[in-house]
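Report on the structure given below.
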Amino acid sequence: MSLDGVICCFLKMTRRHFLSVSDLSREEAEQLIKQALVMKRGDTPHLLSGKALALLFEKPSLRTRVSFDIAMQQLGGHAVYLSPDEVGLGKRESTSDIAQVLSRYVDGIAARTFSHQTLLTLAEHSCVPVINALSDLEHPCQALSDLLTIFEKKGKLAGLTLAFIGDGNNVANSLLLAASLSGMNFHIASPSGYEIKKEILARGQEFAASSGAEIRLTSEPCEAVKDVDVVYTDVWTSMGQEAEAERRRLVFSSYQVDEKLLSLAKRDALFMHPLPAHHGEEISPGLLDSPQSVVFDQAENRLHLQKALLAKILSSTSLGVAGK
Ligand code: CP
Ligand code: NVA
């Protein structure tokens, strides 16, 4: 094996991937939120000077792509965006070969993939950390930055209750894990056949048993939102499910979040959505601009949280990184 191969094997033993919210302990999640708040106030040292991040995206993106790129710039490093057509993950070249090639150029890979299995393959063969920038299973960067937004607005996480209305999708999965990890109660109202994934629920229940959070599943939006602190929804048709869009519009038609549903939550409840939103589908027209909506703060906080995350995962000098 070449010297570079030996170094790569060593790096594989010490690198830290972030593919799921459950890759973090509660303490680490809290530390990231605190670090993100420090960085948001303007204290961003050049911890990643000379480092590079590949943005390997199979699906479109506005927030994730731009916030990772700007995060790297503000930390003194830079990002390289690779579009689906350029790379052809698993088509032009095998995912394992791509992981090994990129590992020779960059210090980290943020990947957005259709299948979560593609991320696992990238992580298995990469010598540098792989970050989940959204897969069909999870959107952990979104969920962590949502915790940051809730913490900023409410001053705490433990003891609050978040209600998710709609599809038990990638965003719901990561939010369930993030809430139960941090002691926040999680309600979800989904139609039959579109519930949260069983393995995610089981993991969330383990977290909840140790954090004291409560997880409640229902098919009734009104029941889920009653007296909660945060009402959250996401699109009914996620990227990659476009062929099901018509059917999903019918199945989810009574799951729209509007002013009336929001009024059943606490008077000072936050309304959240990861964006992009489909006005007139999962939200009533105008809801994003209601006084309770914090959706644009959510979008901004992607940048701050990801700066803290990148500093933790890619920097050898800061914040303490545990091997994995
Ligand atoms: N919320 C989110 O991930 O947005 P993008 O798909 O635009 O990155
Ligand atoms: N559930 C959505 C989230 C987009 C940020 C999707 O996967 O398309």
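The shape of segment 235-294 comes out prolate: with a ≥ b ≥ c from the C-alpha gyration tensor, a/c is at least 1.5 and a/b beats b/c.
Taking Glu244, Glu28, Glu300 in turn, the Gaussian network model of the chain (Cα-Cα springs below 10 Å) assigns the largest fluctuation to Glu244. A compact globular protein would have a Cα radius of gyration near 2.2 N^0.38 Å; the ratio found for segment 86-153 is 1.26. Tell me the relative contact order for the chain as a rounded percent, counting alpha carbon contacts under 8 Å between residues six or more apart. Computed over the chain, the figure is 20 percent. Cα extents for segment 131-192 along the principal axes, largest to smallest and rounded to whole angstrom: 31, 30, 17.
How much space per residue, in cubic angstrom, does the convex hull of the C-alpha atoms of the chain take up?
Dividing the Cα hull volume of the chain by its residue count gives 127 Å³.
Computed from the C-beta positions of Lys266 and Ser25, the FRET efficiency with R₀ = 25 Å rounds to 0.25. Computed extension length for Met239-Ala202: 10.8 nm, one decimal, from 0.36 nm per residue of separation with the Cα-Cα distance subtracted.
In this simple spin-label model, placing a label point 7 Å from the Cα along the Cα-to-Cβ direction at both Cys222 and Asp43 gives a separation of 4.9 nm.
Taking amide H atoms as placed 1.01 Å from N in the peptide plane, the amide H of Ser83 has no partner under 5 Å among residues 5 or more positions away or on other chains. Among Tyr255, Tyr232, Tyr105, which one shows the biggest mean-square fluctuation in a GNM of the chain, springs joining Cα atoms closer than 10 Å? Sorting by GNM fluctuation, first place goes to Tyr105.
Stretching the chain fully between Gln100 and Ile70 yields a gain of 8.3 nm (0.36 nm per residue, less the alpha carbon separation).
With both labels modelled 7 Å from their Cα along Cα-to-Cβ, the His279 to Asp297 distance reads 2.2 nm.
Under the classification rounded if a/c is under 1.5, otherwise prolate if a/b is larger than b/c and oblate if not, where does segment 167-314 fall, given a ≥ b ≥ c as square roots of the Cα gyration tensor eigenvalues?
On the way: a/c = 1.28, a/b = 1.18, b/c = 1.08.
Rounded, because the longest to shortest axis ratio a/c is under 1.5.
Within the same chain, lysines fewer than 8 places from Lys59 are excluded, and of the rest, those with a Cα less than 23 Å from its Cα are Lys91, Lys197, Lys307. Using Cα positions and a limit of under 19 Å, work out the lysines in reach of Lys266, with same-chain residues fewer than 8 apart set aside. Partners found: Lys153, Lys154, Lys156, Lys226.
Read-outs throughout are calculated quantities, based only on the coordinates presented, and are distinct from any laboratory measurement. Note that this is a predicted model, so its numbers are computed, not measured. Quick reminder, even Gly has a Cβ in these numbers, built from the backbone with ideal geometry, and neighbours come from all protein chains shown.
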